[in-house]
Amino acid sequence: MTVTAIDIQNLTKEYSNGKGCRNVTITVGEGEAFGFLGPNGAGKSTLVKMLVGLIHPTDGEARLFGDPVGSLAARRHIGYLPELYRYQEWLTGQEVIQLHGRLCGMSKQEADARIPMLLDRVGLGNRGKDRVKHYSKGMQQRLGLACALVNDPPILFLDEPSSALDPVGRMDVRRLLQELKQEGKTIFLNSHLLEEVETICDRIALLNNGVILRHGQVHEVLYAQTRWHFKVGGFTPDILPWLTETSGIPLQILQSGHPGTGAVTASDSLQDTVWLGAVIDNEEQVGFINTLIVNQGMTLYQVEPVRERLEEWFMEAVSGLSHRGEQE
Ligand SMILES: Nc1ncnc2c1ncn2[C@@H]1O[C@H](COP(=O)(O)OP(=O)(O)OP(=O)(O)O)[C@@H](O)[C@H]1O
């Protein structure tokens, strides 16, 4: 049976200006990676701050491995990388990690013993003896990750862990998060980097204007409707109605020779090689269409599934909303 690591029930925080987040209910199993998305100002950081015990909920409750958020027992389960980190710039990187270890109740020796491994894991290698004031923003973010991992916590709350990093740094963080997941950590990730969420998270929720708008398994979202593209040679437009009728699947002609750039109509001038596109639920139907194409004497050059990206899911969910993030 899966152990519940994070149990959030109707959690609400209403600031004096009426903003915040309302009635959030989510459970996250041990070892799961949960992605929390939403436009700027949606309430993502507010939720995380309640879960790590930095602000008090106005209503509802949440538990971490059964311990109420804000309690010492709950805090012992967590590592936290805040969105707006600022470390003591007069300290060296390793002194900052040591300080966080001490704040977690570790002895100096215990914390020190983990520092070389942590610096290495976050890609700070031999820079641990440099003062934070000489660190770039990206290095400070890596340092923040090391601090979040110092006491080897089972749950990690990471608020935009790659926001200050260059593409190489983002790949490093992605790799690190994947390793942590394999080690069985529970990861709660706030991120605007949808590709990061797509590769790491098992489930996602989309928050807007303080409430959860949508949630689901990442693979269900991405494969809810799979589009397929077929590159076909020797094609004549009059075959299209026949193909559609015989297969029972509406096929479209995509921009000739270039998939994914939008459909053009059969009346547009066509070369003899085209890309056809269709939404298809199962691979048997794909095979059937392949057979029909080949049996009609056409050449099938290429067949490929085109996944929906999380970006499209996000855009579709928030488009048309009157209250979108901070654009109120
Ligand atoms: N201490 C506060 N007092 C009053 N309002 C606040 C406070 N903190 C945040 N807010 C407001 O609550 C809303 C949610 O803010 P929050 O920082 O949780 O959003 P977010 O989704 O994390 O945004 P971003 O993606 O930009 O980091 C915003 O409208 C914000 O202005």
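Things worth noting here:
- Hits in region 12-47 (condition: within 8 Å of the ligand (Cβ to nearest atom), closer than 26 Å to residue 76 by Cα and among the aliphatic types (A, V, I, L, M)): 47
- Residue selected from region 48-59 under the condition more than 8 Å from the ligand (Cβ to nearest atom), within 16 Å of residue 6 (Cβ to Cβ) and not aliphatic (A, V, I, L, M), by the criterion surrounded by the fewest Cβ atoms within 10 Å (Cβ to Cβ): 53
- Residue in region 115-151 that is surrounded by the fewest Cβ atoms within 10 Å (Cβ to Cβ), counting only those that are in contact (Cβ under 8 Å) with a residue 40 or more places away in the chain and small (Gly, Ala, Ser): 123
- Close pairs (6 angstrom Cβ cut-off, 6 or more residues apart or separate chains): acidic (Asp, Glu) in region 12-23, part of a strand (DSSP E or B) and within 8 Å of the ligand (Cβ to nearest atom) anywhere: 14/20
- Count of residues meeting criterion [away from the ligand (no atom under 16 Å from the Cβ) and at pLDDT 90 or above] in region 150-166: 7
- When each of 42, 62 is tested for being modelled with pLDDT of 95 or more, surrounded by 18 or more Cβ atoms within 10 Å (Cβ to Cβ) and in contact with a strand residue (DSSP E or B) (Cβ under 9 Å, 6 or more places away or on another chain), the lone residue that passes is 62.
The values are calculated or read from the model by the stated rules, or taken from the named source; none is laboratory data. Note that the coordinates shown come from a computational prediction; the quantities given were computed from them, not determined experimentally. FYI the Cβ positions are ideal-geometry reconstructions off the backbone, even for glycines, and counts take in every protein chain you see.
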